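**Q** Please find one structure pasted underneath; my questions will follow.
FYI, it's all coordinate maths here, none of it is from the lab. For clarity, every value in this text was computed on a predicted model and none was experimentally measured. In this analysis, Cβ positions are derived from the backbone assuming ideal geometry, glycine residues included, and neighbour counts consider all displayed protein chains.
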Amino acid sequence: MNDEIESKLEMLEEYVAILKGYQHHDVKDLMRDHTLRGAVERYIEVALECMIDIGEMIISKEKLKRPDTYRDVFLLLGEHGILPDDFAEDLASAAGFRNVLVHMYAKIDIDRLYYYLENNLEDIERFGEYIARYLIKG
């Protein structure tokens, strides 16, 4: 299972690199350019889904309680020391943003999308670092 997790981590790194390539755009570009906005939405969505997949793999591997929601995936990782608790709480709200991207595509707040692009990629990278440390330990 570690190979699968490592493969997902590599995909996550690739998504973050792509998203960083979009950071030179401003919020007006996202409003004007539907293709750009769609790309940013999609790469944030798949990055968040990748994080959830990794979390679910670890939960399965560790035989932890099955999460009821995507939010619970991150909270469980925090409860079991795989992620710091406060960081797990932050990521739990990211799971909510993933749901907005998937289910509310017509009503996505462009300002929120832009904020996420500009301010949350470090959290995705940090998640990857914590998971890499978990893999080394275990």
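**Q** Kindly evaluate Gly55 against the criterion of being free of Cβ contacts under 8 Å to residues at least 40 places away in the same chain, out of contact with any helix residue (DSSP H, G or I) (no Cβ under 7 Å at 6 or more places or on another chain) and assigned to a helix (DSSP H, G or I).
**A** no
**Q** While we're looking at this one, here's another question. If a residue has to be farther than 20 Å from Val16 by Cβ and out of contact with any His (no Cβ under 8 Å at 6 or more places or on another chain) to count, how many in segment 57-89 make the cut?
**A** 20
**Q** Across segment 83-135, what is the number of residues that are part of a helix (DSSP H, G or I) and free of Cβ contacts under 8 Å to residues at least 60 places away in the same chain?
**A** 29
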